[in-house]
Amino acid sequence: MVATPNGAVTKSPKPQSQPLQEEPQQEDETTLNSPSIKFGTPEALDHVRNLTDVGAMTRLLHECIAYQRGLDLNLDTLLSQRSDLDKNLHHLQKSADVLEIVKADFDHMHSNVRSTCDLADHVSAKVRELDLAQSRVNSTLSRIDAIVERGNCIEGVKNALEKEDYESAAKYVQTFLQIDAKYKDSGSDQREQLLASKRTLEGIVGKKLSAAVDSRDHSTILRFIRLFSPLGLEEEGLQVYVGYLKKVISMRSRLEFENLVELMEQSYNNSNVSSNVNFVGGLTNLFKDIVLAIEENDEILRGLCGEDGIVYAICELQEECDSRGSLILKKYMEYRKLGKLASEINAQNKNLLAVGAPEGPDPREIELYLEEILSLMQLGEDYTEFMVSKIKGLSSVDPELVPRATKSFRSGSFSRVVQEITGFYVILEGFFMVENVRKAIKIDEHVPDSLTTSTVDDVFYVLQSCLRRAISTSNVNSVIAVLSAAGSLLSNEYHEALQQKMRELNLGAKLFLGGVGVQRTGTEFATALNNMDVSGEYVLKLKHEIEEQCAEAFPASAERERVKSCLSELGDVSNTFKQALNAGMEQLVATVTPRIRPVLDSVATISYELSEAEYADNEVNDPWVQRLLHSVETNVSWLQPLMTANNYDSFVHLVIDFIVKRLEVIMMQKRFSQLGGLQLDRDVRALVSHFSSMTQRTVRDKFARLTQMATILNLEKVSEILDFWGENSGPMTWRLTPAEVRRVLGLRVDFKPEAIAALKF
């Protein structure tokens, strides 16, 4: 079939085969979606007229038919929507009528709004004109009121001055100043009169205040100092009042200082007066006066210049602290002759080995001086911390004032003198510590019901007291200096004294000779070991305590790190004590083990190639274990009440090490039957059980190799070892190497060497 230009359909000139009859349906589906041309356009008509190929015509025909079908479907869809469209059209017609009504209402409303807007613009313009006029009227009235008020102020100041009512006069001046700040361009005559009255009042207030300051009439001073704010002279008033406070404090501190000097002179002539020279009290009173001057006058200072006034007062009064406080500290150093004492101590340290060297100061006096110095330093630190925190706690103060004020405290003359006295403190503290440690070592004696001698507790009490005192200074340099001296004392003189105690005892000759001397020698040596053990623990406790206290005393991380670095030396000292303790313990064990060795050597004669009868007899008559344990009890257990728990445990474990090593050597030289392996397992269990009751530490690991040897010697056949080896070992960790396992298997009389050699671990 082909389509002619006019749309008619005719038969194709050539018959089509069967496949060609199926083709149209396929193309129907494809062309429906994507036709090769756009139907209904002039281009499509030109394309059809130019067709010459029948196949192309046929395909185009099918596309056209499919296109027509699509149009039919669209028409059907549109027709199915006709009823809805009719309804919507009907609604639109009704809406159009409503819109006409709305449009009419809108036009009417728009006309009303426009007229209202025009009216509002007109009214607003009138209101602005009225407002401008009103503001001008108000300004004029205010100026008139200011002129009237100025007149009142002039009259009021005049009357108040005549009546010497200076408070009222100051209020009138204050009112004038407020008016003048707003209207400087008006009332010039009145202004000059009031300024003249202000100057007159200022002169009167200044004279009255000066007279009150000279006579130290505090109530009058307060009366007139309060007049500076109404007069606009706050800064001048602040300077005058703070100057007055400085004068009062200076007079009090000068009297206090003169009293101290007088007592000093009396003490030079009478030694009993020395206790009345209270430098700590003098410095306390100075700080108390300054603090009270700030606290009690807080309201006045704030009223003058706000919080800046408080900072100014603190900085000014700090000058009095620097001058008078420095004098008190210097006079104290002179009175106690700290410079001379320091020179004597340094000279003594240099001439320790010199013959006829002069004896140093009395440590008891030095301790008194140290407590006084500590009190003086703590007073200074507490005062400084209080004042600095006071400044930092002010919220509205000028930010630049805070660091400047803080610096005045940390770098003033008082702070420099404190640093000087701190240097003397370090020298005196070091001397006191060294002398008392040496004295504790010298008077060392046995303490009843104690496992250590007196030197241990005495030495560490001295060190603890000195270090606590150093931390109380809140000076990290002092702490580090004293801490270094303590570490040097412990690692040198104290450590040498403890070792000397052990060297003095000839254990080999005395410990097992019999009689009372044995008990005394054992007690002395055990005590020497206990001294080492407890000293090592005390060092660590002291290190931990100092670290905690320094963490609280020194919040700055840099200071804490410096202390921590110095404390690490105490850890090294503790390790030194442990090494010396181990050496002493080995010396004791070397003295005890020869008493046990004969019993161990006798084990070499014991046979482990047992028959059932022999195995049963050994169960009743133990061949060697009980004799060994009896020897251990005889030679070891008597030392238990004489030693610390840690030392005794270490001692027992060293003895166990000796026994185990010797037994391993002996057992490796024996031959075993399977019953012999069972006997060894029973012997090892008996040893483990007994030694477990002798010490608080576990002993099973000590016997692990012997236990594993017994396990191997109990096997039914060689290949069973693989059930306990490698992945089959379970929780057990083998202490024997594969070569040692083969060697132990070779101890069984019934295991063939070929089977042992064939094992693959």
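Computed from the coordinates by the stated procedures, all read-outs in this text should not be read as laboratory data. This structure is a prediction, so every number in the text was calculated from the model and none was measured. Positions of Cβ are generated from backbone atoms using ideal geometry, with glycine treated the same way; all protein chains shown enter the neighbour counts.
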Calculated from the structure, Rg/Rh (Cα atoms, Kirkwood Rh) equals which of [x] 0.97; [y] 1.37; [z] 1.14? [y]
Under 21 Å from Lys564, Cα to Cα: lysines that are on another chain or at least 8 residues apart: Lys541, Lys543
Taking θ = phi - 60°, what integer Hz values does the Karplus form 6.51 cos²θ - 1.76 cosθ + 1.60 yield along segment 100-109, in sequence order, with x for Gly and Pro? 4, 5, 4, 4, 5, 5, 4, 4, 5, 5
Under 13 Å from the Cα of Lys330 - aspartates and glutamates, other chains or at least 8 residues apart: Asp322, Glu420
Gln640 and Asp298 label points (each 7 Å along its Cα→Cβ direction) are spaced in nm at 6.8 nm
Quick one: Karplus J couplings for segment 489-503, per residue in order, coefficients 6.51, -1.76, 1.60, θ = phi - 60°, nearest Hz, x for Gly and Pro? 4, 5, 7, 10, 5, 5, 4, 5, 5, 5, 5, 4, 4, 6, 5
Can you return the lysines within cross-link range of Lys760? Criterion is Cα-Cα under 16 Å, with same-chain partners fewer than 8 residues away left out. Lys717, Lys752
How big is the gap, in Å, between the Cα center of segment 276-337 and the Cα center of segment 688-702? 69 Å
Taking only C-alpha pairs under 8 Å that are 6+ residues apart, what is the relative contact order of the chain in percent? 6 percent
Holding the Cα-Cα limit at 22 Å, pick out from Lys171/Lys247; Lys163/Lys207; Lys288/Lys392; Lys158/Lys208; Lys439/Lys578 the pairs that are longer than that. Lys171/Lys247; Lys439/Lys578
Separation between the Glu381 and Ser413 pseudo-spin-labels, each 7 Å from Cα along Cα→Cβ, expressed in nm? 2.5 nm
Computed magnitude of the charge dipole of the chain (debye, nearest 20; Cβ of K, R +1, Cβ of D, E -1): 1480 debye
Can you give the extra length, in nm with one decimal, that the chain gains between Cys117 and Met668 once fully stretched, where that is 0.36 nm per residue apart less the Cα-Cα distance? 186.2 nm
Using θ = phi - 60° and Karplus 6.51 cos²θ - 1.76 cosθ + 1.60, couplings along segment 675-686 (whole Hz; Gly, Pro as x): 5, x, x, 5, 5, 4, 4, 5, 5, 5, 4, 5
Report, by chain and number, residues whose modeled amide H sits under 5 Å from the one on Asp444, excluding near sequence neighbours (fewer than 5 apart, same chain). none
Per the 1/(1 + (r/R0)^6) rule, R0 = 56 Å and r from the Cβ atoms of Thr733 and Glu365, FRET efficiency to 0.05 is 0.30
Quick calc, Arg697 & Ser454: beta-carbon distance into FRET formula, R0 35 Å, rounding 0.05, result 0.75
Extension gain Glu609-Asn278, at 0.36 nm per residue separation less the Cα-Cα distance, in nm? 110.1 nm
Find how much the distance from Ala56 to Arg627 grows on full extension, using 0.36 nm per residue of separation minus their present alpha carbon separation; answer in nm with one decimal. 193.3 nm
Find the centroid of the Cα atoms in segment 450-494 and in segment 31-102, then give the distance between the two in whole Å. 109 Å
Sites Lys442 and Glu319 - FRET efficiency at Förster radius 60 Å, r taken between beta-carbons, to 0.05: 0.75
The exposure ranking of Tyr538, Tyr268, Tyr608, fewest beta-carbon neighbours within 10 Å first, is Tyr268, Tyr538, Tyr608
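At a 10 Å Cβ-Cβ cut-off, how would you order Ile154, Ile225, Ile666, fewest neighbours first? Mind showing how you got there, number by number?
Numbers: Ile154 19, Ile225 22, Ile666 16.
Lowest count first: Ile666, Ile154, Ile225.
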Could you list Cys305, Cys550 so that the one with the fewest beta carbons within 10 Å of its beta carbon is first and the one with the most is last? Cys305, Cys550
Ordering 361-374, 442-455, 461-474 by per-residue average of other C-beta atoms within 10 angstrom, highest first, gives 461-474, 361-374, 442-455
